[in-house]
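Chemist: Below is the structure I would like to discuss, written out as structure tokens.
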Amino acid sequence: MTTTHDLPDSFRFVLVRTSHPGNIGSAARAMRTMGFTRMELVSPHRFPDREASALAAGADDVLEGAGVHQGLVDGLAGVNLALGLSARRRGVNLPELSPREAAAQALAAARRGERVALVFGNERTGLENEELARCHAMVRIPSVDDFSSLNLSQAVQVMAYELRVALLGELAPAPPPLHDEPPADAAQMERFYEHLSQTLDDIDFHKGRAPTTIMLRLRKLFQRAQMDERELRMLHGIFADAQRMARLAGEKK
Ligand code: SAH
């Protein structure tokens, strides 16, 4: 079980496709002031970079320890709960949390020993729908409608601050766990979606239609379920049988 002392290590800040290295530095500083050190960078346009180091203002440990990844799935390796920050609702119908609610959820998960990611998008385009589809909930900082987009590092600061406040209040007893088993991690979920997609193909579910929309809807459904490893194994088993039956049916024709 995670002790209160280790809790900040359960959180990672994942910055996706960041354009300006200065924002990476400012985000590192924002994290560090609130006691968070784990940063993961997914396809940053420029990193490492002098501007990032300058704006980190001494939070060099965060930058030096930052992982750099090709895709979000790698950035979320080992993560059980991913919360995507977005100024806009987008097409993805995820549950929407305020930063405070998100911090409470994140802390409860960390207390259960789960690893939590706060995911931030590109400065201009934000998080793509496919990226949000890898998250379990969306977090919106309640800015005004006609000027809703914060600077990336300031959004990081708001979320890091809320987590810090939640952690400081962290003496109350842990709430009962939602599941007996920890939810599957991001890579296990990716393998599950690949198998699901392949199975739908094998049983000719798509009938020539584009599979993208249905796969996004199915992701939404299964992300909400927060399945554990045993449940995943059961579903993999069902898919394997369905694929076998589809093969047999194909051979009979
Ligand atoms: N035009 C983009 C804004 C990108 S700002 C968009 O509409 O999404 C860069 C990142 O900062 C966003 O991807 C998001 O992760 C975070 N961010 C900025 N403003 C936010 C807000 N009001 N609520 C939540 N996250 C926000």
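Chemist: Would you please state the base-10 log of I(q)/I(0) at q = 0.07, 0.11 1/Å for the chain, with intensities from the Debye formula using one equal scatterer on every alpha carbon?
Modeler: Ignoring solvent entirely, the Cα scatterers give -0.27, -0.62.
Chemist: Relative contact order for segment 110-207: what is it in percent, counting Cα pairs under 8 Å that are at least 6 residues apart?
Modeler: It comes to 28 percent, rounded to a whole number.
Chemist: Determine the share of the chain's accessible area contributed by carbon and sulfur atoms, expressed in whole percent, with a 1.4 angstrom probe.
Modeler: 52 percent
Chemist: When ranked by the protection proxy of mean other Cβ atoms within 10 Å per residue, highest first, what sequence do the peptides 116-126, 15-25 form?
Modeler: Highest to lowest by the protection proxy: 15-25, 116-126.
Chemist: Follow-up. Considering only DSSP beta bridges where both residues belong to the chain, give the percentage that are antiparallel (nearest 5).
Modeler: Of all bridge pairs located within the chain, approximately 10 percent are antiparallel.
Chemist: Which whole-number percent is the relative contact order of the chain (Cα, under 8 Å, 6+ apart)? Kindly include the intermediate steps, with their values, before the conclusion.
Modeler: Values: 410 pairs, mean separation 55.2, N = 253.
Taking the mean separation of contacting Cα pairs over the length of the chain, I get 22 percent.
Chemist: What's the long-distance tail for segment 1-136, i.e. % of Cα pairs beyond 22 Å? Spell out each step's value before the answer.
Modeler: Details: 3214 of 9180 pairs.
In whole percent, the share of Cα-Cα pairs in segment 1-136 beyond 22 Å is 35.
Chemist: Using a 7 Å offset from the Cα along the Cα-to-Cβ direction at both Lys220 and Ile238, what is the distance between the two label points in nm, to one decimal?
Modeler: 2.0 nm
Chemist: Rolling a 1.4 angstrom probe over the protein heavy atoms, how many square angstrom per residue are accessible across the chain?
Modeler: Details: 13430 Å² over 253 residues.
Per residue, the chain has 53 Å² of solvent-accessible surface.
Chemist: Could you give the size of the charge dipole of segment 1-142 about its Cα centre, using +1 on the Cβ of each K and R and -1 on the Cβ of each D and E, expressed in debye and rounded to the nearest 20?
Modeler: 400 debye
The values are calculated or read from the model by the stated rules, or taken from the named source; none is laboratory data. Keep in mind that this is a model prediction, so the values were computed, not measured. FYI the Cβ positions are ideal-geometry reconstructions off the backbone, even for glycines, and counts take in every protein chain you see. Keep in mind that these areas ignore ligands, DNA and RNA; they rest on the heavy atoms of the full protein, side chains included. Shrake-Rupley method; radii C 1.70, N 1.55, O 1.52, S 1.80 Å.
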